[in-house]
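Quick note: the coordinates plus some simple rules give every number you see, no bench work behind them. On a predicted model such as this, the values are computed, not experimentally measured, just so you know. Here Cβ is always computed from backbone atoms with ideal geometry, including for glycine, and neighbour counts include all displayed protein chains.
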Ligand code: SF4
Ligand code: SF4
């Protein structure tokens, strides 16, 4: 999963781009739910939030590093649940 750092300027552009609805407004800045972020695997070739973020504040979450297989499994699980 990816994560949003405190460099986020709350510009709102990433939230509607997420195909998994993993991004929401947190207490101070936008946050990513690691249970829903597939790094866009299953939907797009590149993470859509990273593509649109003007301040490049969305790195891989060191607490939630995943393999491609794990991300694909998460994608399939989310699709079944939705
Ligand atoms: Fe959503 Fe994709 Fe960004 Fe993850 S990488 S938060 S799935 S837009
Ligand atoms: Fe924050 Fe970047 Fe999302 Fe804008 S696009 S709300 S700066 S994480």
task: Count, please, the residues in the range 25-43 that happen to be more than 16 Å from residue 54 (Cβ to Cβ), out of contact with any helix residue (DSSP H, G or I) (no Cβ under 7 Å at 6 or more places or on another chain) and surrounded by fewer than 17 Cβ atoms within 10 Å (Cβ to Cβ).
output: 8
- prompt: Which of the residues that make up the range 5-17 are touching a helix residue (DSSP H, G or I) at 6+ places or on another chain (Cβ under 7 Å) and not in a loop (DSSP other than H, G, I, E, B)?
  reply: 17
message: Give me the residue from the range 66-82 that is assigned to a loop (DSSP other than H, G, I, E, B) and surrounded by fewer than 10 Cβ atoms within 10 Å (Cβ to Cβ) and, out of that set, farthest from the chain's Cα centre (by Cα).
response: 82
query: Which of the residues belonging to the range 41-50 are within 12 Å of residue 2 (Cβ to Cβ) and out of contact with any strand residue (DSSP E or B) (no Cβ under 9 Å at 6 or more places or on another chain)?
result: 41, 46, 48
message: Go through (1) within 12 Å of ligand 2 (Cβ to nearest atom); (2) part of a loop (DSSP other than H, G, I, E, B); (3) closer than 21 Å to residue 71 by Cα for residue 20 and report which single condition fails.
response: (1)
query: What about residue 46, is it out of contact with any helix residue (DSSP H, G or I) (no Cβ under 7 Å at 6 or more places or on another chain), within 9 Å of ligand 1 (Cβ to nearest atom) and over 18 Å from residue 82 (Cα atoms)?
result: yes
